[in-house]
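So the structure is just underneath, and the comments pick up after that.
The values are calculated or read from the model by the stated rules, or taken from the named source; none is laboratory data. Keep in mind that this is a model prediction, so the values were computed, not measured. Here the Cβ is made from the backbone with ideal geometry for all residues, glycine too, and neighbour counts use every protein chain on show.
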Amino acid sequence: MKIITKYRLGLWVLLFFNILAIGYVYYTVCKDSIPDSIHLAVDNSSEFDYKIPAIGMIAEKDRKIDSVNLSSKFVLKTKTTGKYTMEAKLFGFLKLKEVAIESLERQKAAPSGQITGIYIETDGLFVIDTAEVETDSGIQSPAKNKLRSGDYIMKINGKALTSKMKFMEEVNRQKGEPVILTIMRKGKLTEIKLRPVLDEEDNQYKIGAYIRNNTQGIGTITYTQGNRFAALGHGISDIDLGSLLSIRGGEIYQAEISSVKKGAAGSPGEIVGIIDYNKSNLHGTIEKNTENGIFGTLMEKSTEKSIPIAFKQEVRAGKAWILSDISGERQKYEIEITSVDKGNNEKLKGMQLKVTDPKLKKLTNGIVQGMSGSPIIQDDRLVGAVTHVFVSDPTKGYGIFIEEMLEH
């Protein structure tokens, strides 16, 4: 009898934890269905449809002004600019999240689609990994257990660094004497001491680390606003570590497309281009590298036509277009937005896309590397930018909402 009682108790405990786990998953799904922020255009109605059993209490400066039922469609509209909050409660009592709501004048931007050459310099020397050095006394690694992947070397012996070459010159100037490196590690400055060793192969003193201070590539300008530009729709990360690079600055240049490698399942295509880093080809300067793109100033004010931007709740599944000059001249290519993540939990994957235009499919087989940043247009509004291609299917990819780029 005792064994049966314990068995039943065990089943009840198991059932309890299963219900708890299911409840947690459901709570998380509901929470992720709602964005952290909502932007509204003044004097325009915006429709929302989250389909979750929750109530949203809208307030302005702690003063309740309205409530909405999140289980069915509802409309928000404001007549003036302002900031509000919406506290979403599951079943009307269990807090999901507090949503920031801002009403503002709708911005305009000029969609570009221009493929451009990109060059950036890191803010300090970026450490990829430590390395071994062959010396006359055997293999040594002075930087091992001192430098870490992702560190930025900012100074050597108190001297600020302007290039990798200057760093190597200073290391050799010390003739094997210990050096003090000032490094930036996870946002904090610290100092380390190490002794460079002489590489018997090239007779140069080395600290035993793989470092770089610049990178370059091909990408697409998303939009311009006067003499300002935004590009890529995602940040520039280190190719080895995948971490967002901290930059000192950079430039964009006119690029000549020499060929296009078509994409295939399991093998993303790419734009092969030539970048002439001549000042006459300089198109602008890069000032920011963020998760949502790169941003900077053009050498000359843009004359391209501006169109209204769309907020994420205005983007819908259906026909849209991307702009690109991948063919040698700027053209609109038809795509389909297959799904929209209203919760926008992964900013770089706010919408899923599928290339349907026969001309683009013939040229590239879909989305290729270098098209990141291509502007997406729907209902005569700028709604986003291409960010990624599906490795398994080059006709499919992801896009970022344009309001995320505008918030940089």
I'd like to know if the range 298-306 contains one or more residues that are hydroxyl-bearing (Ser, Thr, Tyr) and outside any loop (DSSP other than H, G, I, E, B). no
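Residues in the range 209-231: is at least one aliphatic (A, V, I, L, M) and part of a loop (DSSP other than H, G, I, E, B)?
Taking the range 209-231 and keeping what is aliphatic (A, V, I, L, M), we get 209, 211, 218, 221, 230-231.
Of the ones still in play, those that are also part of a loop (DSSP other than H, G, I, E, B) are none.
The answer is no, given that none of the residues of the range 209-231 is aliphatic (A, V, I, L, M) and part of a loop (DSSP other than H, G, I, E, B).
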Give me a count of the residues in the range 15-40 that are of a type in the set (Ser, Thr, Tyr) and either free of Cβ contacts under 8 Å to residues at least 60 places away in the same chain or in contact with a His (Cβ under 6 Å, 6 or more places away or on another chain) (or both). 3
Qualifying residue in the range 251-274 (condition: without any contact (Cβ under 8 Å) to a residue 60 or more places away in the chain, under 26 Å from Val355 (Cβ atoms) and acidic (Asp, Glu)): yes
Scanning for something over 32 Å from the mean Cα position of the chain (by Cα) and among the basic types (Lys, Arg), does the range 197-210 turn up at least one residue? yes
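Looking only at the range 47-79, which residues are among the hydroxyl-bearing types (Ser, Thr, Tyr) and either modelled with pLDDT under 90 or not in a strand (DSSP E or B) (or both)? Outline the logic, then answer.
Of all residues in the range 47-79, those among the hydroxyl-bearing types (Ser, Thr, Tyr) come to 50, 67, 71-72, 78.
Tyr50, Ser71, Ser72, Thr78, listed by residue number.
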When you scan the range 27-43, do you find a residue that is over 27 Å from the mean Cα position of the chain (by Cα), of a type in the set (D, E, K, R), at pLDDT below 85 and not in a helix (DSSP H, G or I), even just one? no
Counting only residues in the range 186-242 that are buried (at least 16 other Cβ atoms within 10 Å of the Cβ) and among the charged types (D, E, K, R), the one modelled with the highest pLDDT is identified as Arg228
List the residue pairs whose Cβ atoms are under 7 Å apart, where the first residue sits in the range 387-400 and is closer than 15 Å to Asp341 by Cβ, the second is assigned to a strand (DSSP E or B) and small (Gly, Ala, Ser), and the two are 6 or more positions apart or on different chains. Thr387/Gly399; His388/Gly397; Gly399/Gly384; Gly399/Ala385; Ile400/Gly384; Ile400/Ala385
